[in-house]
Structures are given as structure tokens and as C-alpha cells.
Amino acid sequence: NSEEDATARDVSERTSSDGTKETTKRSKSRVPKVKLRELLRFAKPLDYLLLSIALVSALGCGACLPAVLVVFADSIQAAGQATAGAFDQSLLNKCANSTAMSEQ
């Protein structure tokens, strides 16, 4: 099964301008796996700094989605009470403020 997949990837067909099909076979050159230490062996201190900033930024962006979901869920819950006739704007403001304060 994997041999069939590999064969399918190694052979490509294309139609030339005169309408004939051309089949070409690509060579099976494997890309060697590289360890992280080998990948960064020529990195300078600035590279490590930039990678650290990127890591912290990515973690911050990843943490924003759950925070937004909590605020949105509280807002929807407070707005859902409006359909029952018991909507309280101060409750909505309290939910948004408490969530915003707990994230700081």
C-alpha cells in the first residue's frame, strides 16, 4: 500500500501542448532528518533571541482564543437571559469586567 503511494508520487503525467501525454519519473532522493541542535549549530545569539520572541508570541496568541471563548460564552449566557425577560445589562458588564480583570 505504501509502495503504491510512493510509486504514485514518483511518477507524474502531464499533457503537452500538442495533446500527447508525457510521463516522467522522479528520482527517489530522501531528505535526511536533522536534529534541532544540528539545525541551529550556526545560529547567532540574535537568532536565539528572535526564536524566543516568536515562541512567546505564539504562546500568547494561542492563549487568546480560550480567553475570548470565555468572554463570549458569558456574554451569550447573559444575552440568553434576555429572551426569558430577565436581561440585566449590569450582569453583562460584570461578566466582561471580571473576565478582563482575571486575565491581567
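The values are calculated or read from the model by the stated rules, or taken from the named source; none is laboratory data. This one's a predicted model, so the numbers in the text were calculated from it and none came from an experiment. With ideal geometry, Cβ positions are generated from the backbone for all residues, glycine too; neighbour counts draw on all protein chains shown. Keep in mind that these areas ignore ligands, DNA and RNA; they rest on the heavy atoms of the full protein, side chains included. Shrake-Rupley method; radii C 1.70, N 1.55, O 1.52, S 1.80 Å.
Residues are listed down the side, and each one gets a yes or a no for (1) out of contact with any His (no Cβ under 8 Å at 6 or more places or on another chain); (2) at pLDDT 85 or above; (3) among the charged types (D, E, K, R); (4) outside any helix (DSSP H, G or I):
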| position | (1), (2), (3), (4) |
| --- | --- |
| Asp5 | yes, no, yes, no |
| Ala8 | yes, no, no, no |
| Ser12 | yes, no, no, yes |
| Thr24 | yes, no, no, yes |
| Ser27 | yes, no, no, yes |
| Val31 | yes, no, no, yes |
| Ala43 | yes, yes, no, yes |
| Leu49 | yes, yes, no, no |
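Comparison of Val34, Val71 shows that the only residue that is in contact (Cβ under 8 Å) with a residue 12 or more places away in the chain, open to solvent by less than 100 Å² (accessible area, probe 1.4 Å) and among the hydrophobic types (A, V, I, L, M, F, W, C) is Val71.
For region 35-69, which residues satisfy the criterion of being closer than 30 Å to Cys95 by Cα and among the aliphatic types (A, V, I, L, M)? Result: Val56, Ala58, Leu59, Ala63, Leu65, Ala67, Val68, Leu69.
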